[in-house]
């Protein structure tokens, strides 16, 4: 019967388990592998020895289960240490970032995008275009339905139809060029 240390040592030298950890977490895979081993080391000795006695494949499956849950859980030790953290900018840093942006180029890009979107729904039925304008002005489908007296489902279908048309045009623009 192997002890907990022997089992952990064997797992640490197992290339297959390391490869599994690399496949689960492509980002910071070495750190993820280390955190997974630490998590397995924290398991009770009796539990690890019992699972290992049932067979090496079952034990690897158990360790893979621990790794997968640790990767998916936002409260896991790995995600607490290595997850992306938001950084607050001070006012001076924010102004420096804003100064780096060329306002005229940004305005031209935004206007170009707005013109493209306007062109993409010009071929639609005038009813759908008016519904979109009303939706933009009211801000929600319920308010729009209440203001016009048109059923909510009809408003939804009209807005959804034109949103899909705009989305398709934008996707086509990225595809073409």
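How big is the Rg/Rh ratio for segment 4-82, C-alpha atoms only, Rh by Kirkwood, two decimals? Before the final figure, lay out the partial values.
Values: Rg = 11.9 Å, Rh = 12.6 Å.
That ratio is 0.95, to two decimals.
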- Distance in nm between label sites at residue 129 and residue 146, each 7 Å beyond Cα in the beta-carbon direction? 2.9
- segment 40-79 to segment 131-160: how many Å between their Cα centroids? 52
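Take the Cβ-Cβ distance between residue 164 and residue 65 as r, set R0 to 45 Å, and report the resulting FRET efficiency rounded to the nearest 0.05.
It comes out at approximately 0.65.
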- Query: Given 0.36 nm per residue, what is the gain on full extension from residue 54 to residue 82 after removing their alpha carbon distance, in nm?
  - Reply: 6.7 nm
- Output the peptides 7-16, 146-155 sorted from most to least packed, where packing is the average of other Cβ atoms within 10 Å over each peptide's residues. 7-16, 146-155
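Every read-out reported here was derived from the displayed coordinates using simple, explicitly stated rules and does not represent laboratory data. All figures in this text were calculated on a predicted structure; none of them were measured in a lab. Cβ sites come from the backbone with ideal geometry, for glycine too, and all protein chains shown count toward neighbours.
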